[in-house]
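**Q** I have a structure I would like to understand better, so I am pasting it below and will then ask my questions one at a time.
The values are calculated or read from the model by the stated rules, or taken from the named source; none is laboratory data. Small disclaimer: the values here were computed from a predicted structure and weren't measured. When we count neighbours, we look across all protein chains shown, and the Cβ atoms used for this are built from the backbone with ideal geometry, even at glycine.
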Amino acid sequence: MITAINPLRNINGLTVSLRMVLAFLCGTAIGFERSYKNRPAGFRTHILVCIGAATASMTGIYLYLCQGLPTDISRLGAAVVSGLGFIGAGTIIVTRNRTVKGLTTAAGLWASGVIGLALGAGFYEGGLFATLLVLVTETLFSLLAQRIRRTPEFKITLHYRQKPALDQVMRYCKDKRVAITNLRVVSGGTAEKPDYAAMLNLRPSFRVNRDLLLAHVRNIHGVLEVEES
């Protein structure tokens with residue numbers, strides 16, 4: 001804690017203005033990076049979240065210290081943290097290929113709210129340092145994440161007539177460390193001659209030869225046809 005700024009931790013006209021301005025600047029800094037990357041929540045949303053959280057934090061302190069009301073200082077702050085979850089959920093979407101987008105933006109909104117609470121409470125060091133770390137995470141670490149090689153997920157459609165065939169395919173994928181992220185089975189044919197089709201989403205733990213994998217699956221007893229979709 002920096003003792004030289006202890007007078008700024010009290011609630012008065014100067015400190016209220018200072019905390020509001022800092023919340024505005026921190027929200028702008030975090031939100032500008034999201035706007036630059038064309039994310040759902042831009043700098044205006046982050047500014048509003050940060051200022052609103054700072055106001056809630058200061059209101060709790062004001063009611064207790066200045067008005068002398070028997071209230072819990074942290075109650076408004078706790079409500080802000082809970083409410084941020086609903087705002088962040090609106091930025092999360094699931095695309096058609098079952099990938100999730102918007103988690104970083106939602107986390108940034110939540111972090112902006114918590115930073116606003118810290119600044120509103122007079123914890124300037126924590127709020128400013130947290131803003132710096134959020135910016136480093138969203139900028140430098142995003143470049144690092146792009147360099148991480150990810151094994152792409154692919155889909156296969158499996159046609160078979162005997163149910164144990166699917167069990168053998170799933171066991172083979174497990175042995176080869178290929179995760180099945182989604183499975184959907186459609187039954188058809190007749191009772192005497194059933195026909196099943198299974199759509200599997202596969203995500204290998206490391207790079208695998210898809211042709212060899214599909215060739216092995218085709219050789220499993222009971223499998224009629226396998227095709228990559």
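**Q** Could you say which residue among LEU135, LEU144 is at pLDDT below 85, assigned to a helix (DSSP H, G or I) and under 30 Å from the mean Cα position of the chain (by Cα)?
**A** Within the list LEU135, LEU144, the selection yields LEU144.
**Q** Let me ask you something else. Could you tell me whether any residue of segment 67-83 is of a type outside the set (Gly, Ala, Ser) and within 17 Å of the chain's Cα centre (by Cα)?
**A** yes
**Q** Is it fair to say PHE129 is modelled with pLDDT under 85, assigned by TED's automatic domain parsing to the domain that holds ALA78, surrounded by 11 or more Cβ atoms within 10 Å (Cβ to Cβ) and not in a loop (DSSP other than H, G, I, E, B)?
**A** No: the conditions fail for PHE129.
**Q** Go through the residues of segment 168-184 one by one and say whether even a single one is of a type in the set (Ser, Thr, Tyr) and at pLDDT below 85.
**A** Yes, segment 168-184 has at least one match.
**Q** Separate question: Is it the case that some residue within segment 39-47 is modelled with pLDDT under 85 and at positive phi?
**A** Checking segment 39-47: not a single residue is modelled with pLDDT under 85 and at positive phi.
**Q** Oh, and also: Between a first residue in segment 146-159 that is closer than 24 Å to VAL226 by Cβ and a second residue that is modelled with pLDDT under 70 and surrounded by 10 or more Cβ atoms within 10 Å (Cβ to Cβ), which pairs have beta carbons less than 6 Å apart while being 6 or more apart in sequence or on different chains?
**A** none
**Q** Return the residues of segment 49-106 that are over 27 Å from LEU8 (Cβ atoms), part of a helix (DSSP H, G or I) and of a type in the set (Ser, Thr, Tyr); say none if nothing qualifies.
**A** SER82, THR104, THR105
**Q** Among the residues of segment 185-201, are any assigned to a strand (DSSP E or B) and more than 18 Å from GLU225 (Cα to Cα)?
**A** no
**Q** Still on this structure, I have one more. Can you tell me which residue in segment 158-167 is farthest from LEU213 (Cα to Cα), limited to those that are surrounded by fewer than 15 Cβ atoms within 10 Å (Cβ to Cβ) and at pLDDT 85 or above?
**A** The qualifying residue farthest from LEU213 (Cα to Cα) is PRO164.
**Q** Next question. Within the bounds of segment 198-205, is there any residue that is more than 14 Å from PRO152 (Cα to Cα), in contact with a helix residue (DSSP H, G or I) (Cβ under 7 Å, 6 or more places away or on another chain) and surrounded by 14 or more Cβ atoms within 10 Å (Cβ to Cβ)?
**A** yes
**Q** Any idea how many residues of segment 107-126 are part of a loop (DSSP other than H, G, I, E, B) and of a type in the set (A, V, I, L, M, F, W, C)?
**A** 2
Per-residue answers, yes or no, for (1) touching a residue at least 24 places away in the same chain (Cβ under 8 Å); (2) of a type in the set (Lys, Arg); (3) surrounded by fewer than 21 Cβ atoms within 10 Å (Cβ to Cβ):
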{"position": "GLY13", "(1), (2), (3)": "no, no, yes"}
{"position": "ARG19", "(1), (2), (3)": "yes, yes, no"}
{"position": "ALA23", "(1), (2), (3)": "yes, no, no"}
{"position": "ASN38", "(1), (2), (3)": "no, no, yes"}
{"position": "ALA53", "(1), (2), (3)": "yes, no, no"}
{"position": "GLY60", "(1), (2), (3)": "no, no, no"}
{"position": "LEU65", "(1), (2), (3)": "yes, no, yes"}
{"position": "ALA89", "(1), (2), (3)": "no, no, yes"}
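**Q** Sticking with this structure for a sec: Somewhere in segment 167-175, is a residue farther than 20 Å from PHE24 by Cβ, touching a helix residue (DSSP H, G or I) at 6+ places or on another chain (Cβ under 9 Å) and assigned to a strand (DSSP E or B)?
**A** Scanning segment 167-175, I find no residue that is farther than 20 Å from PHE24 by Cβ, touching a helix residue (DSSP H, G or I) at 6+ places or on another chain (Cβ under 9 Å) and assigned to a strand (DSSP E or B), so the answer is no.
**Q** Taking segment 1-48, which residues are outside any helix (DSSP H, G or I) and either farther than 23 Å from TYR64 by Cβ or of a type in the set (Ser, Thr, Tyr) (or both)?
**A** ILE2, LYS37, ASN38, ARG39, PRO40, ALA41, GLY42
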